[in-house]
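No lab work stands behind these numbers, since they all come straight from the coordinates. These numbers come from a predicted model, not from an experiment. Here Cβ is always computed from backbone atoms with ideal geometry, including for glycine, and neighbour counts include all displayed protein chains.
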Amino acid sequence: MNSANERRKNLLKLLGKAEQPITGAELARKLGVSRQVVVQDVAVLRAQGEQILATPRGYLVMKSSSRKLRRTIACRHNEAEIKDELYAIVDHGGKVIDVTVEHPLYGEIRGLLMINSRYDVGQFLKALERTRARPLALLTYGVHLHTVEVEDPADFERIHKALKARGFLLEDRG
């Protein structure tokens, strides 16, 4: 086995053991290579069928979550309300898997978030500020979908109630 294959095998082991995303820089340091090599290795592994996700906080391997339940929630709000929306979801037991918008030219655009705590929300908001990137929902006048994962169906009810109380649910808007 050549060194590239061995390195990719080690990369998968590191990601497989991780509970949280690992940045490309951290993987590069652990593997003794450049960040660009990690990016290339991830691309090769994805092409081979590995379920490696790139999130705003780093890479992770999509693990089977057979106990988890998922639903899609349609929301609408302005940029200033992102924090409140995400807190409403994570404070009531949800993990925000992604955000999706339906763009008139490009069709569906999806961004992985993998946010499951107030800390994660803070990190996401800091990254938005640092990069000066604009949220996907701005492309669709605030309308967007979130895939939300929970362990208990009652969590969905609490999340729905919290989002409804804040006026974020699309179904409740005219």
Once both axes come from the Cα atoms, what is the angle between helix 118-131 and the longest principal axis of the chain, in degrees from 0 to 90, rounded to 10?
80
Which one of ALA47, LEU27, THR140 is farthest out on the positive end of the charge dipole of the chain, using unit charges on Cβ (Lys, Arg +1; Asp, Glu -1) and the Cα centre as origin?
LEU27
Let me have the relative contact order for segment 3-61, percent, based on Cα pairs under 8 Å that are six or more residues apart.
40
Summing -39500 (n - 2.57) over every DSSP H run of at least 4 residues in the chain and dividing by its residue count gives a helix-only mean residue ellipticity at 222 nm, to the nearest 500 deg cm²/dmol, of -13000 deg cm²/dmol
At a Cα cut-off below 14 Å, give the aspartates and glutamates reachable from LYS126, other chains included and same-chain residues fewer than 8 away excluded.
GLU79
Radius, Kirkwood style, for the chain when every pair of distinct Cα atoms is counted (Å):
17.5
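Between GLU19 and TYR141, take the C-beta separation as r, use R0 = 30 Å, and let me know the FRET efficiency to the nearest 0.05.
Working: r = 36 Å, r/R0 = 1.21.
Given R0 = 30 Å and the Cβ-Cβ separation, E is 0.25.
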Given charges at beta-carbon only (K, R positive; D, E negative), |dipole| of segment 3-61 in Debye
100
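From the square roots a ≥ b ≥ c of the eigenvalues of the alpha-carbon gyration tensor of segment 3-61, which class results: rounded (a/c under 1.5), prolate (a/b over b/c), or oblate?
Details: a/c = 1.37, a/b = 1.10, b/c = 1.24.
Note, shape of segment 3-61 comes out rounded.
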Report the residues of segment 54-97 in range of a label on ALA165: point 7 Å along Cα→C-beta, backbone N strictly under 12 Å from it.
88-89, 91-92
Give, in nm to one decimal, the length gained when the segment between LEU128 and LYS68 is fully stretched (0.36 nm per residue of separation minus the Cα-Cα distance).
18.8 nm
Dipole size in debye (nearest 20) for segment 69-172 around its Cα centre, Lys and Arg Cβ +1, Asp and Glu Cβ -1?
300
Hey, what did the chain get for relative contact order, percent, Cα under 8 Å, at least 6 apart?
25
Where the only charges are on Cβ atoms (+1 Lys, Arg; -1 Asp, Glu), what is the dipole of segment 108-166 about its Cα centre, to the nearest 20 debye?
440
